[in-house]
Amino acid sequence: MDVHARAGGDGVGDPVATGPYLDAMGLLPVGVAVVTVADGRDDIGATVSSFGSVSADPPVVSVSVDSDGYVAEVIEEVGAFAVSVLGGGQTALAGRFSAEGRPSARRLVSGLDHHRGEHTRAIVLDDALAAFECRVLHHVEVGDHTVFFAAVTALPAVRGTGPALVRRAGRYRPVD
């Protein structure tokens with residue numbers, strides 16, 4: 001199968017129309033994280049619900065972002081990023097980082113405890129449940145997203161506790 005091909009659509013007679021596909025996938029609870037990148041000029045970031053472990057030895061993760069978005073462009077250019085896994089009380093922060101036309105990540109974390117990762121210089125949220133600094137190994141465009149496979153170069157110290165934040169049926173929810 002061509003990895004650039006798009007399955008489904010909204011055409012007449014399409015066995016897997018985009019709307020019903022997204023509705024069905026929305027029933028699966030998925031963790032919520034913020035991906036940040038420092039590109040030397042500014043800091044950018046986005047909320048993602050497609051971050052996960054690929055390998056434990058060596059530690060490799062994947063993250064998927066909209067191929068047409070600025071985040072994909074900058075991750076590809078810089079080759080490194082940080083991920084902050086959000087807790088149940090960080091719904092508003094997830095919303096900030098997912099809003100259309102959002103400002104710089106520096107502005108989005110103004111007033112929140114954060115620091116820069118030693119390896120990536122990307123913003124790490126101090127109240128995240130976990131954090132990862134990552135170096136891109138490979139990326140693949142699949143449909144409307146780019147999947148980045150990245151080596152975990154560091155696990156920055158964070159102090160978040162409590163339930164995780166997940167997205168299910170289009171809503172953010174805390175889950176123990």
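The values are calculated or read from the model by the stated rules, or taken from the named source; none is laboratory data. All of these numbers come straight from a predicted model, not from anything done at the bench. Here Cβ is always computed from backbone atoms with ideal geometry, including for glycine, and neighbour counts include all displayed protein chains. Quick note on the areas: whole protein, heavy atoms, side chains included, nothing else; ligands and nucleic acids left out. Shrake-Rupley method; radii C 1.70, N 1.55, O 1.52, S 1.80 Å.
Flag: Pro58 matches the condition of being surrounded by fewer than 16 Cβ atoms within 10 Å (Cβ to Cβ), over 18 Å from Asp42 (Cα atoms) and not basic (Lys, Arg). Close contacts from segment 153-176, counting a first residue that is over 20 Å from Thr120 (Cα atoms) and touching a residue at least 60 places away in the same chain (Cβ under 8 Å) and a second that is open to solvent by less than 60 Å² (accessible area, probe 1.4 Å) and among the aromatic types (Phe, Trp, Tyr), with Cβ to Cβ under 9 Å and a gap of 6+ residues or different chains, come to Leu165/Tyr172; Val166/Tyr172. Among residues of segment 17-32 that are part of a helix (DSSP H, G or I), those with a beta-carbon under 8 Å from a residue that is surrounded by 14 or more Cβ atoms within 10 Å (Cβ to Cβ) at least six positions away or on a different chain give the pairs Thr18/Gly8; Tyr21/Gly8.
Annotation note: Cβ proximity below 8 Å between a residue of segment 70-83 that is closer than 22 Å to Pro156 by Cβ and a residue that is in a helix (DSSP H, G or I) and among the aliphatic types (A, V, I, L, M) (sequence gap 6+ or interchain) occurs for Phe81/Ile75.
Residue-wise test of (1) at pLDDT 95 or above; (2) hydroxyl-bearing (Ser, Thr, Tyr); (3) farther than 22 Å from Pro163 by Cβ; (4) open to solvent by 40 Å² or more (accessible area, probe 1.4 Å).
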site	(1), (2), (3), (4)
Gly11	no, no, yes, yes
Thr18	no, yes, yes, yes
Leu22	no, no, yes, yes
Val35	yes, no, no, no
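Taking segment 33-63 as the range and being over 18 Å from Thr146 (Cα atoms) and outside any strand (DSSP E or B) as the test, the residues that pass are Asp39, Gly40, Arg41, Asp42, Asp57, Pro58. Checked against (1) more than 17 Å from the chain's Cα centre (by Cα); (2) under 14 Å from Ala46 (Cα atoms), Arg96 meets all criteria but (1).
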